[in-house]
Amino acid sequence: MPQVAATASIRDFWGTIGARTGVIRRNYKVAPGLYAAGSPGPQSPVLVTANYKLSFDALRLSLAGIDAWLLVVDTRGINVWCAAGKGSFSTSEVLHSVHHSRLKEVVSHRQLILPQLAATGVAAQAVRKGCGCAVRFGPVRAADLPAFLRNSMQCDESMREVTFSLRERAVLIPVELFLLAKPLLAAIVLVLILSGIGPAIFSPAAALNRGLILLAATGLGIIGGAVLAPLLLPWLPGRQFWCKGLVSGAPCALSAWLLFAPQLGLPEQLALVLWTETVSSYLAMNFTGSTPFTSPSGVEFEMRRGLPAQLAAACLTLALWLAGPFI
Amino acid sequence: MHDYRYIDGVVTLEVDRLRCVACGNCVVVCPHRILSLTAEGLEVSDRDLCMECGACARNCPVEAITVSPGVGCAVAIMTAWINRLVGRKVLSGCC
């Protein structure tokens, strides 16, 4: 039986950095199966979790001084809530883990403690029917597990509610930025080519000069949508994220205009402001996927409004930017 | 969490009180704490706070709750749109 430590090692530290920045996020897994925390016996509680290493770590690091069994379900390296939402943390996967780990030969009781957020994918009544184990949904956050176990497996209301504090929002920013690396690379090439087009057919000097200005505006738009929008989320006016992105993008667009207006004609100034706002609005809309309160119906509702607006603004930007050198 | 409100009047959550057996499973699993059992039966206190995660419906033994569940993520929805457009079935997302 593999034994887990309740303390983090240097390797865990670097692994967390790697996952949080996005570098190894898609492949940060632990082997599914049964693990021991402390020195558990046949009466010890069984805590079920996903096989994303950050989920597994959150669980084991909360268990200092607690004897428990950890049953790690194969969720393809995805965290508890996302896996439950997308079907890999499911009733059948839990049943499979219970059988495959031969849990019933290890413990004498028939109870599983699942993270509350797994309830999206796991039906308690179906688990009981499938393997005879009663499911108890524990707290949302692993950090509350010791209190839950001490308190004869009862949760306070606060342990059952998701939160989205400044800190919880801030840790998401690196991944948001990392995911932009590939589209950004394509954007750099495209922007440099488009910016060189002018009366002289193609001017490398203009490509570099105007290109860098548009790329700077893109960068400012990214700050607006992928940094400021997450940080300022509860204070940005409006409900729809694409509108919130317009607000958080406003100071960025203003900065772009103040920085570069003296070098540009009026159409290009307009393009610059429009583009910064478009990038910010689009990225803020994408941030819906990282929050714990946006409903799919709502996201679809706002995308039907935001996406056409962003597309129109992008086309207008393109037209103005291309027209600039000819006016 | 009450700093956050998303778009009003779009959520698909429906409760059928006649079917409900008041087991309380849904009350336990709701991550936004909008469900409660009262003398009149299952109560939804603030419907617009529902994020359609589907945990309540999944854990209802008598199918008294319906919600069209999904992931509230623009990228996932866009991917689904594109997939439908090109007739692809593989879902690849960011998480």
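Here are some notes:
- Three-way shape call for the range A:246-319 based on the alpha-carbon gyration tensor, with the a/c threshold at 1.5: oblate
- Cβ neighbours within 10 Å from other chains - mean over B:54-65: 4
- Cβ-derived FRET efficiency at R0 22 Å, A:Arg305 paired with A:Leu266, nearest 0.05: 0.15
- Only helical runs count toward this figure. For chain B, summing -39,500 (n - 2.57) over DSSP H runs of n ≥ 4 and dividing by all residues gives -6000 deg cm²/dmol at 222 nm.
- Close amide H pairs (under 5 Å, H built 1.01 Å from N) link A:Ala134 with A:Gln111, A:Leu112, residues at least 5 positions away or on another chain.
- Under 17 Å from A:Lys244, Cα to Cα: aspartates and glutamates that are on another chain or at least 8 residues apart: A:Glu176, A:Glu277, A:Glu300, A:Glu302, B:Asp3, B:Asp8
- Residue order, fewest to most surrounding Cβ atoms within 10 angstrom, among A:Lys129, A:Lys244, A:Lys104: A:Lys129, A:Lys104, A:Lys244
- If R0 is taken as 25 Å, the Cβ-Cβ distance between A:Leu259 and A:Ile201 corresponds to a FRET efficiency of 0.30.
- When you restrict to C-alpha pairs under 8 Å that are six or more residues apart and normalise by the size of the range A:3-162, the relative contact order lands at 21 percent.
- For A:Glu277, B:Glu63, order by how many other beta-carbon atoms lie within 10 Å, fewest first: B:Glu63, A:Glu277
- Which listed pairs, of A:Lys53/A:Lys86; A:Lys29/A:Lys182; A:Lys53/A:Lys129, have C-alpha distances above 28 Å, in listed order: A:Lys53/A:Lys129
- Point-to-point label distance, A:Ala312-A:Thr16, nm (Cα→Cβ direction, 7 Å offset): 4.7 nm
- In a simple Cβ point-charge model (Lys, Arg +1; Asp, Glu -1; nothing else charged), the range A:221-322 has a dipole of about 180 debye relative to its Cα centre.
- Taking a point 7 Å from the Cα of A:Ser165 along the Cα-to-Cβ direction, the residues of the range A:130-151 with backbone N closer than 18 Å to it are A:139-148.
- Of interest is the spacing of the C-alpha centroids, which for the range A:276-327 and the range A:88-125 amounts to 42 Å.
- Percent of beta bridges antiparallel (DSSP, chain A, rounded to nearest 5): 40 percent
- Helix-only mean residue ellipticity at 222 nm for chain A, each DSSP H run of n ≥ 4 adding -39500 (n - 2.57), per residue, nearest 500: -16500 deg cm²/dmol
- Taking the number of Cβ atoms within 10 Å of each Cβ as an exposure proxy, the fewest-first ranking of A:Thr49, A:Thr317 is A:Thr317, A:Thr49.
- Gyration tensor (alpha-carbon) shape descriptor, the range A:168-326, a/c threshold 1.5: prolate
- Residue mean of other protein chain beta carbons inside 10 Å, A:47-57: 0
- Interchain or long-range residues, amide H under 5 Å from A:Gly77's placed H: A:Asn51, A:Tyr52
- R0 of 56 Å, Cβ-Cβ distance B:Glu40-B:Ile82: FRET efficiency to nearest 0.05: 0.80
- Shape category assigned to the range A:1-102 from the gyration tensor of Cα positions, a/c cut at 1.5: oblate
- Lys, Arg +1 and Asp, Glu -1 on Cβ, resulting dipole of the protein assembly as shown about Cα centre, debye, nearest 20: 1000 debye
- For the protein assembly as shown, alpha-carbon Rg and Dmax in angstrom: 24.6, 82
- Contact order normalised by residue count of chain A, Cα under 8 Å, 6+ apart, percent: 12 percent
Values in this text are rule-based calculations from the coordinates and carry no lab data. Given the structure is predicted, the values throughout are model-derived calculations rather than measurements. All Cβ positions, even for glycine, are placed from backbone atoms using ideal geometry, and neighbour counts span all protein chains on display.
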